[in-house]
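Colleague: Quick one: the structure is below, questions incoming.
The values are calculated or read from the model by the stated rules, or taken from the named source; none is laboratory data. Treat the numbers as computed from the prediction; the structure is a model and nothing was measured. All accessible areas refer to the heavy atoms of the entire protein, side chains included, with ligands and DNA or RNA removed. Shrake-Rupley method; radii C 1.70, N 1.55, O 1.52, S 1.80 Å.
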Amino acid sequence: MRGETITVLRRGGEQWYIGIAALAVAVLFVWVVTDGVFRGDAFGNVAELMIATGWGFWGPIRYLQVRVEVKESGLVVHNFFTRYSIPWAAVSRLEAQPALRIVLADGKVVAPGTGAESLASTVRHNRTQRAMQERIEAARQRALDQTSAEVVTKRVWAGNLAILAGAYAGMFAVAGIAWLVK
């Protein structure tokens, strides 16, 4: 979608999760590979590591991918496996109870992953989702006088699986080097 980016919306609490997950994965990785070298089974330990750290990889990948780009010409919603390009003319309304939802003029609904419902948000009366809604609505009001001939597009994107596969391949490579060096 063309147009200059006004803002990018992400959930702020996920930044803490990313830091904790990255630290936990690093500590587990060093511990498991070291333990494997001393026991003589670095590859067996990597299988354990993959199970133990799977959550630590999905979180950072999700944070880096899931967002809403508010542009002058509309919205680009990046969910985990899909990308929606939505011009302002196609947006009927925004809802934020309990999750952020973009209702299109044809009645379809796009639910941004970054505005999803959570227990913490519900306890705080969906403050995060309502703040996202207000920021998007402010940009939409500024752009209402401009018309756009673009249509809503949806693309499937599986790059996250390639990133995850690369991370696991890297772990196996380190374990293999550790096994050869022993």
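Colleague: Can you pull out the residues in the stretch 161-182 that are under 19 Å from the mean Cα position of the chain (by Cα) and hydrophobic (A, V, I, L, M, F, W, C)?
Modeller: Across the stretch 161-182, the qualifying residues are LEU161, ALA162, ILE163, LEU164, ALA165, ALA167.
Per-residue answers, yes or no, for (1) open to solvent by 60 Å² or more (accessible area, probe 1.4 Å); (2) assigned to a strand (DSSP E or B); (3) at pLDDT below 75:
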site: LEU28; (1), (2), (3): no, no, no
site: ASN45; (1), (2), (3): no, no, yes
site: MET50; (1), (2), (3): no, no, yes
site: VAL70; (1), (2), (3): no, yes, no
site: VAL76; (1), (2), (3): no, yes, no
site: ILE102; (1), (2), (3): no, yes, no
site: ASP106; (1), (2), (3): yes, no, no
